[in-house]
Structures are given as C-alpha cells and as structure tokens.
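Contents: one structure, followed by commentary.
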Amino acid sequence: MTNIHRYIPMTDQDQTDMLKTVGASTTEELFRDIPESIRYRGVLPMSSALDEFSLLEHMKELAGRSADTDRYKSFLGAGIYDHHIPVVINHMISRSEFYTAYTPYQPEISQGELQAIFEFQSYICELTGMAVANASMYDGVTALSEAGALAAGATKRKHLVISRTVHPEARQMVQTMAKGLNLEILEIGYANGVTDLDALQAAVSSKTAAVLIQSPNFFGSVEDLAAIKPIIHGVKGLFIVSANPMSLGLLEAPGKVGADIVVGDAQPLGIPQSLGGP
C-alpha cells in the first residue's frame, strides 16, 4: 500500500513487518472482531484537504466568530485580566541570557531558564515581603490549596478556616484538596465586602491550622490583614494570604503585616489570557 500521509512515514515493508509480528496477514484482519453491521464503510463528512494558504484563511474565519479582547473591552474579571504587554518584552525574553532549550529541572547554572527563575523569585520576594519564594505552582488557585496543605502539615492540625470573600473557584480547589488529606474546612461570611472579623474570631480555635484570606478579595475590597494576623497567631496557627501581585505596588506587602505564606497568580503581571492554556 502506498503511504498517502506525507508526515506519518510508514513504508509498505514497515506495515508488512508489523502485521507479521502480531500474526495478521492484512490490516482488515485486525478489525475482524468488530461486527460488519456496525462498521462505517463510507467517507467521513469532511471537506477535502486544503492547501496551507486556504487552511489559514479558513481557521482565521472560524476564529473571527469568537469575541476577543483585541476587539472588545472585557469586564469579566474574576481572575482573568487584560493587561498591556510591552512589545519589548518578547524581545527581552528571547535573549540568550533567559532563553535556552533546557528544562528548569537540570542544575547547570549557565542556563537562561535558571537566571529567569532567580529573577522571578527575587521580585516576588520584594513584592510579597517574604524571605523566600518558590518557582512556582501551577496557578494561584492550586497554590492556595497547597498552602493549606502545607499549613496542616506544619502545625499537625486538621482544621482550615477560609473566608467567603476568597474566589469561589479557589475555595472549591481547597475543598477538593481537603478531601484527600482528611482536613476540615470552615467557611466564614463577610460584612461590607470584607471578611467578618467577629465571625473569624469565633471560628478560630486551637485546632485551626491556618486562616486563608484573599486581598484584594473577590469583590475587589482590601482586607484588613493587620487585624486578622493576631486572631490566627493568637492560637499559634498560620496566616495565609492570596494576593494580586499588581496590587502590591501600592498596598503593603502581606509579609510585612504578618502573613506566614503568601500565594497569588502571576497572570495579572502580563501573561496572556490563555483561558486554561499554558
């Protein structure tokens, strides 16, 4: 049989050798267990193959049917933000100091990847007021759940208290994590758009591993972190803050007001809105 797929190379000899190895004389024999009555013998209802130019035009037309932030203003928010990315950025990150073909899991100090990670960690420490930073979690939501797990392990306690002003999807992720580790999650309410401090005080106990707060929170309000700190530190629990890094150019760093663990999402710094992509 002549191979008609130019980019999937398989010679007639390759096919013959594979059939011989599995004990079949023809490709048809490979499907002999499938009843004829349910086999599809026709041609799939697809267009004929397009040349590259036509295919690109077709894909552009399909993509053009969707709304995008290049043509429309988006007020969706809730974790996906449209920030201008200066054109020079792509040129900078393509320089050899930062751009190599190697993964960050290998130890060579000469790798540009490691240089970029070092720069990232240094700036995150400055923004958050923390002594160290990792590089990094998958996203801010999973980082928050990992922080909860870390706090439970460090304190040897099984209770986490989380404010309902935290992004609902982040709270769902924390709940999912908690099931696997047999942790108990207690959600507390809010007043005037921020965490209800009286409810928080009543919820925290000697069994509480950590309090999880987002600031600015899901409503866009700035939480009083300095007032929350003594509530959880009073029972020797940990204070976890999820922060938008863009806001830390104006707001006091969480680490400076008592946060033990700070997490967040780097998307607001100018990462494209991949909506579930890289």
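What follows draws every value from the coordinates through simple rules; no lab data is involved. Note that the coordinates shown come from a computational prediction; the quantities given were computed from them, not determined experimentally. Positions of Cβ are backbone-derived with ideal geometry, glycine not excepted, and every protein chain shown enters the neighbour counts.
Quick rundown of the values:
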{"read-out": "Using alpha-carbon coordinates, inclination of helix 140-155 to the longest axis of the chain, degrees", "value": "60"}
{"read-out": "Spatially proximal lysines relative to K229 (Cα-Cα < 19 Å; intrachain offsets below 8 disregarded)", "value": "K207, K256"}
{"read-out": "Of all DSSP beta bridges in segment 170-278, antiparallel share, percent nearest 5", "value": "20"}
{"read-out": "Convex hull volume per residue in cubic angstrom - Cα atoms of segment 146-278", "value": "106"}
{"read-out": "Nearest 10 degrees, 0 to 90: helix 12-22 Cα axis against the chain principal axis", "value": "70"}
{"read-out": "Cα centroid of segment 27-96 to Cα centroid of segment 157-187, whole Å", "value": "36"}
{"read-out": "Between 0 and 90°, nearest 10: helix 168-181 axis offset from the chain longest Cα axis", "value": "90"}
{"read-out": "Cβ crowding within 10 Å averaged over residues, with 40-48, 10-18, 144-152, 247-255 ranked highest first", "value": "144-152, 247-255, 10-18, 40-48"}
{"read-out": "Sequence-distant residues sharing a close amide H with L238 (under 5 Å, placed H)", "value": "A210, V211"}
{"read-out": "Most mobile listed residue (T165, T21, T176) in the chain, GNM with C-alpha springs under 10 Å", "value": "T21"}
{"read-out": "Spin-label proximity, A226 to segment 258-273 - amide N less than 18 Å from point 7 Å beyond Cα toward beta carbon", "value": "258-260"}
{"read-out": "Segment 22-174, dipole about Cα centre (Lys/Arg Cβ +1, Asp/Glu Cβ -1), debye to the nearest 20", "value": "920"}
{"read-out": "Net charge of neighbours whose Cβ lies under 14 Å from the Cβ of D196, counting Lys and Arg as +1 and Asp and Glu as -1", "value": "-3"}
{"read-out": "Projected-area average for the chain over all orientations - Cα convex hull basis, square nanometres", "value": "24.2"}
{"read-out": "Positive minus negative residues near S215 (Lys, Arg vs Asp, Glu; Cβ under 14 Å)", "value": "-1"}
{"read-out": "Percent of beta bridges antiparallel (DSSP, the chain, rounded to nearest 5)", "value": "15"}
